[in-house]
Amino acid sequence: MYKGCDGCRKAKKWLQEKGVDFEEIAIREVTPSKAELKEALAAHDMNLRKLFNVSGGDYREMGLKEKLPQMEVDEALDLLMANGNLVKRPFLATPSGCISGFDTSVWEGFVR
């Protein structure tokens, strides 16, 4: 979670309304593991772009719009692990799997 993220605030409120116990982790400091990122990638039908904060400054400064389509999966995941600003927020990690971005219809399948 990131305090300046509107999606994170909405996700937190939604989780609280559902009565779901959760732990907030500062994603900029503690990035998801490679295994978690791989789970989220699979949940997004292997669309790497869905794991990236494409509206963020780091994404633009690094020219990832042009570079990402040519990147190998491991290279992209390593980049996400090295820079929490690049990770699409909020990032949900549960025993049912991982997903990035907030969509209540999708999150319903992960939070039970």
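Rule-based calculations on the coordinates, nothing more; no lab input. The structure displayed is predicted, hence computed values, not measured ones. With ideal geometry, Cβ positions are generated from the backbone for all residues, glycine too; neighbour counts draw on all protein chains shown.
Observations, loosely collected:
- Applying a DSSP loop filter and a limit of 14 other Cβ atoms within 10 Å to the GluC sites (Glu not before Pro) in the stretch 1-100 leaves 23, 24, 29, 72.
- Loop-located trypsin sites (Lys or Arg not before Pro) in the stretch 1-97, at most 11 other Cβ atoms within 10 Å (DSSP): 3
- Zone of residue 14's modelled label, taken as backbone nitrogen in the stretch 81-112 under 11 Å from a point 7 Å along Cα→Cβ: 90-92, 100-111
- The structure-derived value of percent of Cα pairs over 20 Å apart appears in the list (i) 36; (ii) 60; (iii) 53 under the label (i).
- Of the chymotrypsin sites (Phe, Trp or Tyr not before Pro) in the stretch 22-88, those whose Cβ has at most 16 other Cβ within 10 Å and which sit in DSSP loop: 22
- Flagged links, alpha-carbon separation over 29 Å, of 18/38; 10/50; 10/65; 18/67: 18/67
- Cys residues of the chain that find no other Cys beta carbon under 4.7 Å: 98.
- Under 20 Å of direct C-alpha separation, and excluding same-chain neighbours fewer than eight residues apart, residue 13 reaches these aspartates and glutamates: 21, 23, 24, 103, 108.
- Calculated mean residue ellipticity, 222 nm, the chain: -12000 deg cm²/dmol, from DSSP H runs (n ≥ 4) at -39500 (n - 2.57) each, averaged per residue and rounded to 500.
- In this simple spin-label model, placing a label point 7 Å from the Cα along the Cα-to-Cβ direction at both residue 24 and residue 103 gives a separation of 2.6 nm.
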